[in-house]
1. What list do you get for Phe35, Phe200 if you sort them by fewest beta carbons within 10 Å?
2. Pairing the Cα long axis of helix 3-21 with the longest principal axis of the chain, what angle in degrees results, from 0 to 90 and rounded to the nearest 10?
3. Could you pull out the pairs from Lys47/Lys122; Lys28/Lys192; Lys122/Lys230; Lys122/Lys161; Lys28/Lys228; Lys47/Lys186 whose alpha carbons sit more than 29 Å apart here?
4. Taking only C-alpha pairs under 8 Å that are 6+ residues apart, what is the relative contact order of the chain in percent?
5. Less than 12 Å Cβ to Cβ from Thr227, Lys/Arg counted +1 and Asp/Glu -1: what total charge do the surrounding residues give?
6. Can you tell me what percent of all Cα-Cα pairs in the chain are more than 36 Å apart?
7. Skipping prolines and chain starts, which residues have an amide H placed within reach, meaning under 5 Å, of the one on Gln248, given they are 5 or more residues away or on another chain?
8. Determine the principal axes of the Cα atoms in region 1-158, then give the extent along each, sorted from largest to smallest and rounded to whole angstroms.
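Each reported figure results from applying straightforward, stated rules to the coordinates on display, with no laboratory input. This is a predicted model, so every value here is computed, not measured. Glycine also receives a Cβ, built like all others from the backbone with ideal geometry; neighbour counts cover every protein chain displayed.
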Amino acid sequence: MNEAEEQWKADTTVIGAYIRANEIPALKDASGIYFNITELGSGFPPKSTSQVRFGYKVYIMGSTVVLDENDEALSDIMDLIPGMRIGLSLMPPGSVAELYVPSGYAYGTATLPTIPANSNLKFEVELISVTIPTSQLNQLGADTVALDQYLTTNSVENVIKDTTGLRYVITEEGDGAIPTLYNKVKINYTGKILSNGNTFFTGSNSPTPNFDSRVINYIHAFQAGLTKLKVGSKATLYVPSVLAFGDQPVTGNGGITIPANSNLLYEVELVEIIE
């Protein structure tokens, strides 16, 4: 174990003990960041390419002294410290949260005027809005037109049209609970490129030490779709590119390339909610 890993282990141990001692109803992300959503907004959380408008206060964890604050900051999310990037990516717009950030995801070994090296931080954050570029809105419009044409041409029945642009068909209705954005889930799924039917993934996902498998950890289409399915359900999701990988080409299993702006088809089974 190297020095950074040892510091991370020490930090997350201290944060976990603080959370328990103060009975804070926070969830732990695989990164070691703890987050407590005190007010839940709506819509999709920001992507790595998003610009966000947010308010914040920052403290050294355990202190009541405000080190920095801003009621309305505007930033590309990638310009923020890792702890803020991760925390905001777990928040729909309009959400308010407390983030407990290990030092390695804050300022690490750097010594700042008001923040000693290796300081764990607490952020009180409000995600005011996520900027959606006009190009993305236009692409979503084109995507949904193409999806609806596909569904009509292929005589797909019992289609539910979600306001997000997702289209889906429940092919088998389960009888279990419906997950929230923050539930950990086990899912089986197969992903295909809609235009040519090429399969780029087939398999299962469930929590691992490096991936929480919370609904909010998945692409936007899964966030919209899984929160409408009961455990035991199977569904086919017809996914606009904007709710999947957008204008970024991605390589799936077996070297299959998903071109930019590809509409996708997923066959999904919601196997269980994992407590």
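1. Working: Phe35 23, Phe200 19.
By the 10 Å Cβ count, ascending, the order reads Phe200, Phe35.
2. 90
3. Distance filter (> 29 Å) returns Lys28/Lys192; Lys122/Lys230; Lys122/Lys161.
4. Details: 593 pairs, mean separation 44.5, N = 275.
Here the relative contact order equals 16 percent.
5. On the way: positive: Arg214, Lys228, Lys230; negative: Asp162.
Net charge in that neighbourhood comes out at +2.
6. Values: 7761 of 37675 pairs.
When every Cα pair of the chain is considered, 21 percent fall beyond 36 Å.
7. Here Asn261 satisfy the definition.
8. 61, 31, 31
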